[in-house]
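To start, the structure itself, in structure tokens.
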Amino acid sequence: MVLLNNRKTQIRNILVPIIAVLLGFILGGIIMAAFGYSPILGYQQMFKTVFVNAQTGGINARNIGEIFVTAGPLIFTALGFAVANSAGFFNIGLSGQALAGWVASIWVALAMPDAPRLVVLPLAIIVGALCGAIAAAIPGFLRAFFGTSEVIVTIMMNYILLYTGNHLVNNVMNESMITTKGVTKMVGDNASLQTPFLANLTDNSRLNLGIFLALIFLVLIWFLMKKTTLGYEIRAVGLNPSASEYAGMSSKRTIIISMIISGTLAGLGGVIQGLGTFENFFVQGSSLSIGFDGMAVSLLGSGSSVGILLSALLFSILKLGGQGMQFAGIPSELVDVNIAIIIFFVAISFVIRFVLAKVFDGKKEVAVVTDIEAKPNNQDQEGGTI
């Protein structure tokens, strides 16, 4: 009976995000129709833009490469959010931490234009990750020792890091690193994550080694959270800090460590954005979208490594395909409406779970789901799992 219930729970956990996505597309289509656009034509053009080459009618290798380009940073920021959420709090500062990693990695790369690739590239990645970790350690320390709200602190840190990064580019970096006001030079081949092989494979897309780094960290973070003592402590503190302290765990230490891990991952997302996608840095007018999109990816993927990978790819397809919807006369902004609707249905996943239980399992299962949903789960601030 226990095994059967566990299996039902697993099936329900898989169905909830799938249903959320489907409902998002359906409601998005209704909104398109309400504004006088054809949802069928819009969605057809979206997926045609992503997967079909308009000239040859074959597979669009370039756009498929760009899907993975967009997904790489999202995977890192989503993992960063998931780790912090497992520890029991929300890291809203992913954008600032990613920006710190972006600026630092570009600075290192431009400061060593003639150094060997085996020296510059690892160093730039490590420094970028370290800056993201430092940016996240500050709110983690304040939360652990002074009880400050990590939400407020990380939001404010986003602005601090945004304008600090812009100041560094405009007023601090050596003039030899700058092309025009607010824009750095392109990094050399010795520090770029792009390779001729991947460019040729995907019809000169920006596909780079960052996606492979992201896939490696998906496995590493899963192993950390599921197979190590530290991962167990992070999840335990997130679920019940008081009980964890009673069991001999240091909730303060665990909070800071989990925040450092979260910031490191976000910093790596910024590194991939800098050394892989753009290969330079330019003044930003607002916080990086990969931070907030990463949060949505993590929520849609229920914080699991596989879920995050699939969600990141879905978001990438929606964003890239949204540009093609303009050819059908549909504003690409409606894609963002679709994403928001999907997140909305994920946020009210209890309703979906309740309906699934009522349809398939009757009153007894409804009572079980109601009891489970009343307790902390992997999407609550109290904690979760990777």
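The values are calculated or read from the model by the stated rules, or taken from the named source; none is laboratory data. Predicted model only: the values in this text are computed from it and were never measured. Every residue, glycine among them, receives a Cβ derived from its backbone with ideal geometry; neighbour counts consider all protein chains shown. What goes into the accessible areas is simple: the full protein's heavy atoms, side chains included, and nothing from ligands, DNA or RNA. Shrake-Rupley method; radii C 1.70, N 1.55, O 1.52, S 1.80 Å.
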>> Tell me whether the stretch 356-366 contains one or more residues that are at pLDDT 70 or above and either closer than 19 Å to S298 by Cα or open to solvent by less than 20 Å² (accessible area, probe 1.4 Å) (or both).
In response: yes
>> Quick check on this structure: which one of Y159, Y163 is out of contact with any helix residue (DSSP H, G or I) (no Cβ under 9 Å at 6 or more places or on another chain) and at pLDDT 95 or above?
In response: Y163
> Any idea which of (1) touching a Phe, Trp or Tyr at 6+ places or on another chain (Cβ under 9 Å); (2) at pLDDT below 95 is the one A266 doesn't satisfy?
Replying inline: (2)
> What tally of residues in the stretch 279-294 results from selecting those that are hydrophobic (A, V, I, L, M, F, W, C), surrounded by fewer than 24 Cβ atoms within 10 Å (Cβ to Cβ) and assigned to a helix (DSSP H, G or I)?
Replying inline: 1
>> Between L79, L74, which is touching a residue at least 12 places away in the same chain (Cβ under 8 Å) and either closer than 24 Å to G322 by Cβ or open to solvent by 10 Å² or more (accessible area, probe 1.4 Å) (or both)?
In response: L74
> Which residues, taken from the stretch 206-231, are out of contact with any Leu (no Cβ under 8 Å at 6 or more places or on another chain) and either surrounded by fewer than 20 Cβ atoms within 10 Å (Cβ to Cβ) or over 18 Å from S105 (Cβ atoms) (or both)?
Replying inline: F212, I216, V219, L220, W222, F223, M225, K226, K227, T228, T229
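So which residues in the stretch 179-202 are among the hydrophobic types (A, V, I, L, M, F, W, C), crowded, with 16+ Cβ neighbours inside 10 Å and within 19 Å of P113 (Cα to Cα)?
Residues of the stretch 179-202 among the hydrophobic types (A, V, I, L, M, F, W, C): 183, 186-187, 191, 193, 197-199, 201.
Then drop every residue that is not crowded, with 16+ Cβ neighbours inside 10 Å, which leaves 187, 191, 193, 198-199.
Selection gives V187, A191, L193.
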> So which of Q55, Q45 ends up being open to solvent by 10 Å² or more (accessible area, probe 1.4 Å), over 24 Å from F292 (Cβ atoms) and assigned to a loop (DSSP other than H, G, I, E, B)?
Replying inline: Q55
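Only one of these is over 30 Å from V172 (Cβ atoms), open to solvent by less than 30 Å² (accessible area, probe 1.4 Å) and modelled with pLDDT of 90 or more: V297, V271, V306. Name it. Show your work before the answer.
Working: V271 fails: over 30 Å from V172 (Cβ atoms); V306 fails: open to solvent by less than 30 Å² (accessible area, probe 1.4 Å).
One residue alone meets the criteria, V297.
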